[in-house]
1. Restricting to region 89-100, name every residue that is open to solvent by 40 Å² or more (accessible area, probe 1.4 Å) and on the phi < 0 side of the Ramachandran plot.
2. Go through (1) in contact with a Lys or Arg (Cβ under 9 Å, 6 or more places away or on another chain); (2) surrounded by 13 or more Cβ atoms within 10 Å (Cβ to Cβ) and name the single condition Gly128 misses.
3. Would you confirm, using the coordinates I've provided, whether Asp30 is over 23 Å from Met129 (Cα atoms), of a type in the set (Asp, Glu), without any contact (Cβ under 8 Å) to a residue 40 or more places away in the chain and surrounded by 12 or more Cβ atoms within 10 Å (Cβ to Cβ)?
4. Arg103 - would you say it is open to solvent by 50 Å² or more (accessible area, probe 1.4 Å) and either in contact (Cβ under 8 Å) with a residue 24 or more places away in the chain or outside any helix (DSSP H, G or I) (or both)?
5. How about region 39-54: which of its residues are more than 8 Å from the ligand (Cβ to nearest atom) and in contact (Cβ under 8 Å) with a residue 12 or more places away in the chain?
6. Given the criteria of a type outside the set (A, V, I, L, M), outside any strand (DSSP E or B), surrounded by 17 or more Cβ atoms within 10 Å (Cβ to Cβ) and over 10 Å from the mean Cα position of the chain (by Cα), does Glu110 qualify?
7. Would you mind stating whether Arg64 is open to solvent by 40 Å² or more (accessible area, probe 1.4 Å), modelled with pLDDT of 95 or more, more than 19 Å from Pro13 (Cα to Cα) and more than 11 Å from the ligand (Cβ to nearest atom)?
8. Closer than 19 Å to Arg28 by Cα, of a type in the set (Phe, Trp, Tyr) and surrounded by 12 or more Cβ atoms within 10 Å (Cβ to Cβ): is that true of Trp58 in this structure?
Amino acid sequence: MSPPADDRLLPRPTEDSRPFWDALRSHRLDLQTCADCGAVRHYPRPVCPACHSMAVAWTTASGRGAVHSWTVSHQAFHPAFEDRLPIVLATVDLEEGVRMNCRLDGVAPEEIDIGLPVEVAFEDVGEGMTLPCFRPRGVRRGGS
Ligand SMILES: [Zn+2]
């Protein structure tokens, strides 16, 4: 488990997003799905953008995707991130057809490319909170 993060920096689950965060705590990536038309959506929100239904279901994602884009931050804008620089923030196209913004770990910034196959990993940060990150597919490192 990583050192406790500054709790002011942790996500605050909402009524719509709580199942997403609860699944992460169990090391699952669950995506909100329309219970009427089946459209998968991310981030969690109350209304289906495809059919405007408010009926919600949750499905467990494969956790696999590919890098759509990324940026490398060499500047810590909060002291809690100083020991993690550089931080790579990526937009990942998930196999389920939605995009997710997330930290990308386990790869040097100069080795990242569009389409890099990645898979979700889970970082338990304490306070009952688990954060997702992505790593190059097939790479296993300690921790989570
Ligand atoms: Zn729908």
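1. If the condition is that a residue be open to solvent by 40 Å² or more (accessible area, probe 1.4 Å) and on the phi < 0 side of the Ramachandran plot, then Leu89, Asp93, Glu95, Glu96, Arg99 are the ones that fit.
2. Going through the list (1) in contact with a Lys or Arg (Cβ under 9 Å, 6 or more places away or on another chain); (2) surrounded by 13 or more Cβ atoms within 10 Å (Cβ to Cβ), Gly128 breaks only (2).
3. no
4. For Arg103, the condition - open to solvent by 50 Å² or more (accessible area, probe 1.4 Å) and either in contact (Cβ under 8 Å) with a residue 24 or more places away in the chain or outside any helix (DSSP H, G or I) (or both) - is not met.
5. Passing the criteria: Val40, Arg41, His42, Tyr43, Pro44, Arg45, Pro46.
6. Considered against the rule, which asks whether it is of a type outside the set (A, V, I, L, M), outside any strand (DSSP E or B), surrounded by 17 or more Cβ atoms within 10 Å (Cβ to Cβ) and over 10 Å from the mean Cα position of the chain (by Cα), Glu110 comes out as no.
7. yes
8. Yes, satisfied.
The values are calculated or read from the model by the stated rules, or taken from the named source; none is laboratory data. Note that the coordinates shown come from a computational prediction; the quantities given were computed from them, not determined experimentally. For neighbour counting, all protein chains shown are included, and Cβ atoms are generated from backbone atoms with ideal geometry for every residue, glycine included. SASA here: full protein model, heavy atoms, side chains in, ligands and nucleic acids out. Shrake-Rupley method; radii C 1.70, N 1.55, O 1.52, S 1.80 Å.
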